[in-house]
């Protein structure tokens, strides 16, 4: 059975080979993803605190 390998990818911080328009779209996506994750984390913390005070 042949070993399957993932294709080489640039380092997470190396965007030099990505066109500027795509870099901008990717940066927008990452910012939105961070905001969504932060909102979900905040909601989870609020829920946990509410459950702890109700107990």
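Only the coordinates and a few stated rules stand behind these numbers; no lab work does. The shown structure was predicted, so the numbers you read here are calculated from the model rather than taken from an experiment. Cβ placement follows ideal geometry from the backbone for every residue including glycine, while neighbour counts extend to all protein chains displayed.
Annotations
- Label-point gap, in nm, between residue 24 and residue 48 - each point 7 angstrom along Cα→Cβ: 3.9
- Here the simple spin-label model places points 7 Å from the Cα toward Cβ, and for residue 55 and residue 33 these points are separated by 3.3 nm.
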